Amino acid sequence: QVIEIGTNSKAPDSASPSPSHDDLDEKGEGESSSADGNNGTEKARSRAHYLTICTEDRERLYDGEFLNDTLIDFWMQWLLRKEDRATCPVHIFTSHFYTTLSDEGPAAVESWTARKNVDIFSKRLIFIPVNISLHWSLCVVVNPGAIMNSHGEVDSRDDLYPCFFFLDSLKAHRKGLVTAHVRKWLNSEWKRLKKSQTTEAPFSKETMPVHDPKVPYQDNSWDCGVFVCRYAFALFMNREDDVTYGDRNPMGGGKPFSSFITENGSFQFDKSHIVRLRREMGTLIDRLGVLYKKYRQKEDEMAAEEKKKKKKRKEALQEAKTTTTDEEGSEKETKGEEATVQDKPAIKQEEDEEDVGTHFV
């Protein structure tokens, strides 16, 4: 059993949780819809990106289960469902981006942005889910297009501040190693897009530092994926707010990013919110599954009808060819009979000439 969910198409409002993260009732829950993921129509296949969610994936939303890459990617893409990808200040990579980057280097992920003409330096926030040793964390690239601010004197506390946010609910990942890989990629993208004629590799530990502000943490060993989804949701809710040098150095000597993250209302959540997010994600998938089942049924009916029409057209064409062949055969037969009738006098004349010749001899 699978559910295919097109993440670039808008889903009906009746299926989605509201942006304010309100509770969903339990009425939409039920068995996941059944469909063959390999029998989609060309219309479904033409989507830029879609996810196939299996029953096994859905079951990972039960308490005590680890979220996998499919669920993480689904939630991240769901956040962007109503956004214009070209103008949205947030860009989100799938969970395979960092794995490919760390294993094979920046060249292996160049097409991820080049093919779609994505200029990551025009984005305010870039979400990179990280999975290492069965644990999830979220690496966030902040204001990469403002990197040259780090190479000169800052005129104002309101200037954009380029940095990393590293949000890890267990503080288990080596943020220095992760961000080192991402900096190499940023320098590669900077060079590919020819952002500067004088500075070829502007991203370094000094110019693009990493911060791990205080956030809610998990108290078990299995909720890390849900925390990553919740961190992403909180930052997404503040996507229009600038991260500035003033946030790094708050007035009065406060901790860096205390107002932007630590004390921000979007980050005020606890274990009950994590439990609720699991339930809401499950409800959302169940509701989308019902809608998708109806969609696939309609698509299958249309495909069957088109197949019937195609068969009828083929039969009509074959019948027309057969009729034409019969008419041509009849016409040839008629012409043959006419030729035989016309040839008879000539034959008779030849016989007469033979008789005449013999007589004179």
Original post:
Using the Karplus equation 6.51 cos²θ - 1.76 cosθ + 1.60 (θ = phi - 60°), what ³J(HN,Hα) coupling, rounded to whole Hz, does each residue of segment 222-238 give in order, writing x for Gly and Pro?
Top reply: 10, 8, 4, x, 5, 5, 4, 4, 6, 4, 4, 4, 4, 5, 4, 5, 10
**OP:** Give me the percent of DSSP beta bridges within segment 62-269 that run antiparallel, rounded to the nearest 5.
**Re:** 75 percent
Subject >> From phi via Karplus (6.51, -1.76, 1.60), per-residue ³J(HN,Hα) for segment 268-275 in Hz, x at Gly/Pro >> reply: 8, 9, 9, 4, 5, 5, 5, 4
Subject >> Stretch gain in nm, segment residue 275-residue 116, where the contour uses 0.36 nm per residue and the Cα spacing is subtracted >> reply: 53.6 nm
Original post:
So what J values fall out for segment 283-289 if you push phi through Karplus, 6.51 cos²θ - 1.76 cosθ + 1.60 with θ = phi - 60°, rounded to Hz, Gly and Pro as x?
Top reply: 4, 4, 5, 4, 5, 5, x
Original post:
Can you list the residues, at least 5 places off or on another chain, whose amide H is less than 5 Å from the amide H of residue 91, using H built in the peptide plane?
Top reply: 125, 126, 127
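Between residue 177 and residue 294, what FRET efficiency follows from the Cβ-Cβ distance if R0 is 41 Å, with the result rounded to 0.05?
So the FRET efficiency works out to roughly 0.30.
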Original post:
Of the cross-linked pairs 116/191; 175/214; 184/214; 184/255, which ones have a Cα-Cα span greater than 22 Å in the structure shown?
Top reply: 184/214; 184/255
**OP:** Report the residues of segment 55-71 in range of a label on residue 218: point 7 Å along Cα→C-beta, backbone N strictly under 20 Å from it.
**Re:** 56-71
**OP:** Using 0.36 nm per residue of separation minus the Cα-Cα distance, give me the extension gain between residue 319 and residue 54 in nm, one decimal.
**Re:** 90.8 nm
Original post:
What is the distance, in nm, between label points placed 7 Å from the Cα along the Cα-to-Cβ direction at residue 310 and at residue 62?
Top reply: 4.2 nm
Original post:
At a 1.4 Å probe radius, carbon and sulfur cover how many percent of the accessible area of segment 62-269?
Top reply: 47 percent
Original post:
Rounded to the nearest whole Å², what accessible area per residue is found for segment 62-269 with the 1.4 Å probe?
Top reply: 45 Å²
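The values are calculated or read from the model by the stated rules, or taken from the named source; none is laboratory data. All figures in this text were calculated on a predicted structure; none of them were measured in a lab. Cβ sites come from the backbone with ideal geometry, for glycine too, and all protein chains shown count toward neighbours. Heavy atoms of the whole protein, side chains included, go into the accessibility calculation; ligands, DNA and RNA do not. Shrake-Rupley method; radii C 1.70, N 1.55, O 1.52, S 1.80 Å.
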